[in-house]
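The values are calculated or read from the model by the stated rules, or taken from the named source; none is laboratory data. Bear in mind the structure is a predicted one, so any value in this text is a computation, not a measurement. As a convention, Cβ positions derive from the backbone with ideal geometry for all residues, glycine included, and neighbour counts pool all protein chains shown. The protein model used for the area step is the full one, side chains on, heavy atoms only, and it has no ligands, DNA or RNA in it. Shrake-Rupley method; radii C 1.70, N 1.55, O 1.52, S 1.80 Å.
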Amino acid sequence: MPYKLYGIPSSLYVAKVRSYFRKQHIEFIEQGVNDPHFQQEIVPAVGRLIMPVVEAPDGTLLQDGADIIDFFEAEGTSPLPAIPESSMLATIAYLFELFGGEGLLREAMHYRWSFDEQLDFIKNDFCCAIAPPDSDQESRDALFDLASKSMRAAARGFGVSEASAPLIEDSYKEFLTLFSAHLKTQPYLLGGRPCVGDYGLLAPLYAHLGRDPVPAMLTRQSAPEVSRWVERMHAPEPIRVEYADNTAALNADDTISDTLKALMVFIAKNYLPELEAHVAFCNDWLRNHQGITAGTNGLDNPAGRVIGKAEFEWRGITLSTAVLPYRFYLLQRIQDCFARASESEQQNIAALFSEVGLSSILTLKTDRRVERVNHLEVWGELRVD
């Protein structure tokens with residue numbers, strides 16, 4: 001029996017899992033969140049309305065793209081393993097998983113919600129999977145109005161405004177130029193097959209920036225290599241026809257290209273200041289909430305995701321953005337991978353991350369670890385390291 005993947009077509013986080021399933025030849029059926037079983041059984045079981053959720057044939061529920069990929073990778077049967085064996089490449093892969101899913105959210109949300117000329121497409125995309133199939137147009141319109149208000153508020157929470165819009169567009173165009181240059185020589189981020197970094201990047205580059213009409217046209221016209229990569233990431237078969245090396249091999253540790261380094265420098269400039277500000281805010285917040293019981297999120301709402309807003313300088317302006325502990329969960333994956341490496345591997349990784357301006361991402365920590373228990377983010381015990 002196939003797995004069931006619950007979400008909506010336009011979901012950034014669903015895109016990550018959908019691509020992984022296709023590449024790994026995992027049989028699945030995609031279901032909308034309007035499915036009665038999802039509403040009545042799965043939402044109460046996972047504790048909130050969130051996507052993606054995967055339901056296994058035996059009824060086991062998996063929630064969150066990172067956890068879902070980890071689950072299948074642990075089985076050891078993936079035809080295209082997403083976690084590189086090399087500690088160097090795995091650390092880089094986790095970096096791009098974090099950046100793709102979280103660091104490109106500002107660009108993704110701006111290009112979705114700041115261009116009303118594509119609203120009909122977005123409305124249809126949302127309603128096809130959230131409205132009951134037999135809904136009349138008035139009901140669909142009302143449902144979309146509610147959803148769009150929520151999403152526009154979320155966009156503002158990620159720093160989207162009239163003042164930041166031109167800078168966001170400059171940022172996205174700069175990223176497209178850098179990623180296009182990298183893809184001229186190899187089909188995926190780290191070589192001949194996708195890694196978790198590719199799946200992280202695909203989340204916004206497909207769901208928002210590769211399908212919504214305005215950014216999709218921009219990407220196709222200015223960065224055809226990126227559009228081609230988006231297609232490649234959704235094809236179950238290997239597509240490497242434009243590359244001389246037609247194997248699924250990953251790059252060697254000692255051949256980190258200048259184009260990959262340039263992308264890492266972009267992350268240091270475009271996302272690290274926000275991440276540093278969020279960790280600092282979080283640690284202040286934790287010190288003001290020292291009575292939090294381990295295994296809880298410290299909020300009145302056990303399913304809550306935001307603990308406040310942090311300010312930082314970004315491209316010459318001050319932004320204030322929502323602080324989500326989930327981001328620290330992904331940050332820990334980078335650091336845990338680095339910690340598992342041998343001493344010599346750690347020296348090489350640290351040297352590379354220093355060269356590209358990302359040294360602090362290997363040591364930037366919240367006072368408590370973020371854990372995921374019963375599909376929710378919770379705080380662990382106070383760190384002693």
How many residues, within segment 229-264, are of a type in the set (Ser, Thr, Tyr), in contact (Cβ under 8 Å) with a residue 40 or more places away in the chain and part of a helix (DSSP H, G or I)? 1
For segment 117-134, check the following and say yes or no: at least one residue is in contact with a helix residue (DSSP H, G or I) (Cβ under 6 Å, 6 or more places away or on another chain), under 16 Å from Pro215 (Cα atoms), in contact (Cβ under 8 Å) with a residue 24 or more places away in the chain and among the acidic types (Asp, Glu). no
Restricting attention to segment 272-284, does a residue exist that is at negative phi and in a loop (DSSP other than H, G, I, E, B)? no
Which is more than 23 Å from Gly191 (Cα to Cα) and part of a helix (DSSP H, G or I), of Glu97, Glu117? Glu117
Going through segment 37-59 one residue at a time, which ones are open to solvent by 40 Å² or more (accessible area, probe 1.4 Å) and assigned to a helix (DSSP H, G or I)? His37, Gln39, Gln40, Glu41, Pro44, Ala45
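Does segment 287-315 hold any residues that are of a type in the set (A, V, I, L, M) and surrounded by fewer than 18 Cβ atoms within 10 Å (Cβ to Cβ), and which are they? Walk me through how you get there before you give the answer.
So in segment 287-315, the residues of a type in the set (A, V, I, L, M) come out as 292, 294, 299, 303, 306-307, 310.
Within segment 287-315, Ile292, Ala294, Leu299, Ala303, Val306 meet the criteria.
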Sole exception among (1) under 22 Å from Pro36 (Cβ atoms); (2) assigned to a helix (DSSP H, G or I) for Asp134, by number: (2)
Pick from segment 371-385 the residues that are of a type in the set (A, V, I, L, M) and in a strand (DSSP E or B): which of them is modelled with the lowest pLDDT? Leu382
Tell me yes or no: at least one residue of segment 234-256 is under 19 Å from the mean Cα position of the chain (by Cα) and either of a type outside the set (Lys, Arg) or open to solvent by 10 Å² or more (accessible area, probe 1.4 Å) (or both). yes
Counting only residues in segment 176-228 that are closer than 19 Å to Val14 by Cβ and without any contact (Cβ under 8 Å) to a residue 60 or more places away in the chain, the one surrounded by the most Cβ atoms within 10 Å (Cβ to Cβ) is identified as Gly210
Within segment 61-109, of all residues that are hydroxyl-bearing (Ser, Thr, Tyr) and within 18 Å of the chain's Cα centre (by Cα), the one surrounded by the most Cβ atoms within 10 Å (Cβ to Cβ) is Thr91
Of the residues in segment 318-348 that are surrounded by fewer than 17 Cβ atoms within 10 Å (Cβ to Cβ) and outside any helix (DSSP H, G or I), the one that is nearest to the chain's Cα centre (by Cα) is Ser320
Step by step: first the residues of segment 1-36, then only those that are without any contact (Cβ under 8 Å) to a residue 60 or more places away in the chain and part of a loop (DSSP other than H, G, I, E, B), then the one that is most open to solvent (accessible area, probe 1.4 Å). Which residue is that? Met1
Could you please find all residues in segment 110-120 being of a type outside the set (A, V, I, L, M) and open to solvent by less than 70 Å² (accessible area, probe 1.4 Å)? His110, Tyr111, Arg112, Trp113, Ser114, Phe115, Gln118
So which residues in segment 137-167 are more than 28 Å from Val33 (Cβ to Cβ), buried (at least 16 other Cβ atoms within 10 Å of the Cβ) and in contact with a helix residue (DSSP H, G or I) (Cβ under 8 Å, 6 or more places away or on another chain), if there are any at all? Ser164
Give all pairs with beta carbons closer than 7 Å in which a residue from segment 145-170 that is under 16 Å from Asp116 (Cβ atoms) meets a residue that is of a type in the set (D, E, K, R) and not in a loop (DSSP other than H, G, I, E, B); count only pairs at least 6 apart in sequence or on separate chains. Val160/Arg106
